[in-house]
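Structure first, commentary second.
The values are calculated or read from the model by the stated rules, or taken from the named source; none is laboratory data. These numbers were taken from a predicted model, which means no experiment stands behind them. Glycine gets a Cβ as well: all are built from the backbone with ideal geometry, and neighbour counts include every protein chain shown. These area figures cover heavy atoms from the full protein model, side chains too; ligands, DNA and RNA do not enter into them. Shrake-Rupley method; radii C 1.70, N 1.55, O 1.52, S 1.80 Å.
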Amino acid sequence: MGRFSTEALPSGLLNWVAVWRRNFLAWKKVAPASLLGNLADPMIYIFGLGSGLGVMLGNVGGVSYSAFLAAGMVATSAMTASTFETIYATFARMRDHRTWEAMLYTKLTLGDIVLGEMAWAATKASIAGTAIGIVTATLAYSEWDSLIYVLPVIALTGLAFASLSMVVAALAPSYDYLVFYQSLVITPMLVLSGSVFPVDQLPPMLQRITHLLPLAHSIDLIRPAMLGHPVPDITLHLGALCLYIVLPFFVSIALLRRRLTQ
Amino acid sequence: MGENMEREKLRPKTISTDRNSASARSNPEREIKTGHLEPEPNSAPTMAIDLQAVTMIYREKTVVDSLSFGVKAGECFGLLGPNGAGKSTITRMLLGMATPSAGKISVLGLPVPGKARLARAGIGVVSQFDNLDMEFTVRENLLVFGRYFQMSTGAIEELIPSLLEFAQLEAKADVRVSDLSGGMKRRLTLARALVNDPQLLILDEPTTGLDPPARHQIWERLRSLLIRGKTILLTTHMMDEAERMCDRLCVLEGGRMIAEGPPLSLIKDIIGCPVIEVYGGNPDEISLIVRPHVERIEISGETLFCYTVNSDQVRAKLREFPGLRLLERPANLEDVFLRLTGREMEK
Ligand SMILES: Nc1ncnc2c1ncn2[C@@H]1O[C@H](COP(=O)(O)OP(=O)(O)OP(=O)(O)O)[C@@H](O)[C@H]1O
Ligand SMILES: [Mg+2]
């Protein structure tokens, strides 16, 4: 990372909060529309797929298909909310609106900015995931008290996808590349991670890939909890999510430093 | 933090409305004005900026070439150069946003980029292109930016009225930035740069793209900052701006310094006599006739520049050519640039 790497790392434990608050203020101005956007997609899945396929499939692993799907959608909505925020809104603030440029005139470092943006993306993921969770619980697809356990996992999921997307945003020359990421990485991940159908339906080779995907770890933590089952391998899944937060974070800082401070 | 603002408010406006001629703002006058100021709280280094043999190479292209200069605390130092001269690159290096390929930079006594974050705590920046938050109001822009310096909401809110007054935007406090005029946006950017009460201001073409009244407003604001004892690094490609504002300047071309000094002495040393601009003839033909009577001749496109102390004699000679238009004027930085580079600085 070169001689001056410490200048790019976060400058303090909480200096990123200023960046988060900036984004929160901007969000407050458009909150209703933004919330609707976060909710519409997973709702269409739950009600559309849930009622349509639910009739054909009956039960999946002892629960109704709708309950199975809803739990998957909590994790998936966290993934998409966080990813879209980062690859579109954050990318625009980094490149088109020069928002980051103004931030870099101050006592913030690149690391503070990236951390603030990631925390913000995770916040949006938490809002989206929690909203779906509330709907799911209201429809009695899940237990209310499971939400308390699920919320931190949603936040971690948001952070992991913000971190990964930050690497993509750091590398992408234009919006076209971000669309590639969305359709070639995020959509396949949705299919392979067991959000809409159980992973054991996949051919064994693909199942092995599934174990590497962050969304799969998130679903393995969220679904059993929401359905009131015990959660196996908690530390493994949490560890995997944390790895997906920490490693891309440092990679993205190195890449962004090269991109922005040439 | 708010003290300087208060001082500014209490002091009667010392700036006359005529700020057009460079001589109206000569250095002795500045010294009188700043003489009664108490020193800035932590203005320890006498050199606000020090560059030593700084080079910047982008993909084998040398954009800044072994450049050295120093900016003293309290002065307005100009970087004057045409498009692509390297002005913005230099400002980015001063902020630690670009790492020089070679050379040493110190800003406010701190090595940059090594301690750039610490240095930036004492710097205010106006960049060449607006980077305000368009969807926020004027007030929100100041609030959000202050937080980037880890200032508390209360402390920033206390400061906002004086910043609005400085920017002459009191009536626009709750207007969205996207609804402001270009001049207002630049004044807001300047006010925003003061939120951390910086000792040093780095201003990259702060008046480019503004109409004359808006430019004058910015200049007047900058003067009030100099009176408060701030140091200013100003980049511009406009000769009149450089001549009017800067105590000293450095003329850049292609990343290299081609002249350095106070504007008036540069003009005196390098040109040293008035100019007659001649339009509407064949410059080569005319130059043959007048050459014996002038100190120097420069030709730029269709315009002939005659540098001469005996203008009457030259005018008499020029009468031999019917239909010429003549403009006699004192020499300025434009002539310096033309002399040193053989071309005019395009606007
Ligand atoms: N990130 C970069 N990568 C490659 N070349 C660059 C980069 N930034 C600037 N340059 C080149 O460096 C040179 C100087 O650019 P710079 O923006 O510093 O000039 P300037 O004096 O600010 O010009 P202007 O008046 O147009 O703002 C230009 O030739 C430009 O193309
Ligand atoms: Mg520039």
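Values for this structure:
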quantity	calculated
Convex hull of Cα atoms in segment A:2-261, direction-averaged projection (nm²)	14.4
Segment B:298-341: proportion of alpha-carbon pairs further apart than 13 angstrom, %	61
At R0 = 22 Å, FRET efficiency that the Cβ-Cβ distance of B:Ala173 and A:Leu25 yields, to 0.05	0.90
Relative contact order (%) - segment A:2-261, alpha-carbon pairs under 8 angstrom, separation at least six	26
Surface accessible to a 1.4 Å probe, A:Ser193 within the full protein complex, Å²	0
Highest-MSF residue in chain B out of B:Lys61, B:Lys104, B:Lys72 [GNM, Cα springs under 10 Å]	B:Lys61
Accessible-area composition of segment B:51-108, carbon plus sulfur, in percent [1.4 Å probe]	47
Vicinal HN-Hα couplings computed from phi for segment B:64-78 (Karplus, 6.51 cos²θ - 1.76 cosθ + 1.60; Hz; Gly/Pro x)	10, 10, 6, 9, 10, 7, x, 10, 7, 4, x, 9, 9, 10, x
Mean accessible surface per residue for chain A, computed with a 1.4 Å probe while every protein chain stays in place, in Å²	43
Accessible-area value, A:Phe180, 1.4 Å probe, nucleic acids and ligands omitted, Å²	110
Inter-label distance, nm, simple model (7 Å from Cα along the C-beta direction), A:Val55/B:Arg291	9.9
Surface share of carbon and sulfur [accessible, 1.4 angstrom probe, percent] for chain A	70
Under 20 Å from the A:Gln207 label point (7 Å along Cα→beta-carbon), backbone N, segment A:180-198	A:189-198
For segment B:197-210, Karplus couplings with θ = phi - 60° (6.51, -1.76, 1.60), whole Hz, Gly/Pro x	6, x, 7, 10, 10, 10, 10, 9, 6, x, 10, 4, x, 9
5 angstrom amide H check on A:Leu9, placed H, neighbours 5+ away	A:Gly111
Per residue, in Å², the accessible surface of chain B once ligands and nucleic acids are set aside, probe 1.4 Å	42
Cross-link partners of A:Lys29 among aspartates and glutamates (Cα-Cα below 19 Å; sequence separation of 8 or more within a chain)	A:Glu85, A:Glu117, B:Asp133, B:Glu135, B:Glu140, B:Asp174, B:Asp179
222 nm mean residue ellipticity, helices alone, for the protein assembly as shown (DSSP H n ≥ 4; -39,500 (n - 2.57); rounded to 500)	-15000 deg cm²/dmol
Average Cα contact separation per residue, chain B, under 8 Å, 6 or more apart, as relative contact order %	19
Rh by Kirkwood over Cα pairs, then Stokes-Einstein D for segment B:186-291 at 1.567 mPa s and 4 °C, µm²/s	79
Compactness relative to 2.2 N^0.38 Å, alpha carbon Rg of segment B:273-330	0.94
Residues in segment A:73-116 occluded by at least 10 Å² - accessible area, probe radius 1.4 Å, against chain by itself	A:His97, A:Arg98, A:Thr99, A:Glu101, A:Ala102, A:Met103, A:Leu104, A:Tyr105, A:Thr106, A:Lys107, A:Leu108, A:Thr109
Note, ³J(HN,Hα) from phi for segment B:87-93, Karplus 6.51, -1.76, 1.60, rounded to Hz, x at Gly and Pro	4, 5, 4, 5, 5, 5, 5
Flagged links, alpha-carbon separation over 32 Å, of A:Lys28/B:Lys230; B:Lys72/B:Lys185; A:Lys107/B:Lys104	A:Lys28/B:Lys230
Segment B:273-330: relative contact order as a whole-number percent, Cα under 8 Å and 6+ apart	50
Added length on full extension, which subtracts the Cα-Cα distance from 0.36 nm per residue, B:Phe321 to B:Thr341	4.3 nm
Amide H partners (placed H, <5 Å) of B:Arg256, local residues excluded	B:Asp65
Label-point gap, in nm, between B:Lys268 and A:Tyr149 - each point 7 angstrom along Cα→Cβ	8.5
Given charges at Cβ of Lys, Arg, Asp, Glu: chain A dipole, positive-most of A:Ser146, A:Ser218, A:Phe249	A:Phe249
Value of D in µm² per second that Stokes-Einstein yields for the protein assembly as shown, Kirkwood Rh from Cα pairs, at 20 °C (1.002 mPa s)	77
Total charge dipole magnitude, chain A, about the Cα centre, Cβ charges on Lys, Arg, Asp, Glu only, Debye to nearest 20	840
Under 5 Å, built H, 5+ apart or other chain: amide partners of B:Arg296	B:Tyr307
Within the accessible area of segment B:222-347 (1.4 Å probe), percent carbon and sulfur	49
Area buried, chain A against chain B - accessible surface, total, 1.4 angstrom probe, square angstrom	2800
Cubic angstrom per residue, convex hull over Cα atoms of chain B	154
Set of segment A:112-136 residues, backbone N closer than 18 Å to the point 7 Å along the Cα-Cβ line of A:Leu36	A:128, A:131-132
Span from the segment A:82-130 Cα centroid across to the segment B:264-300 one, whole angstrom	57
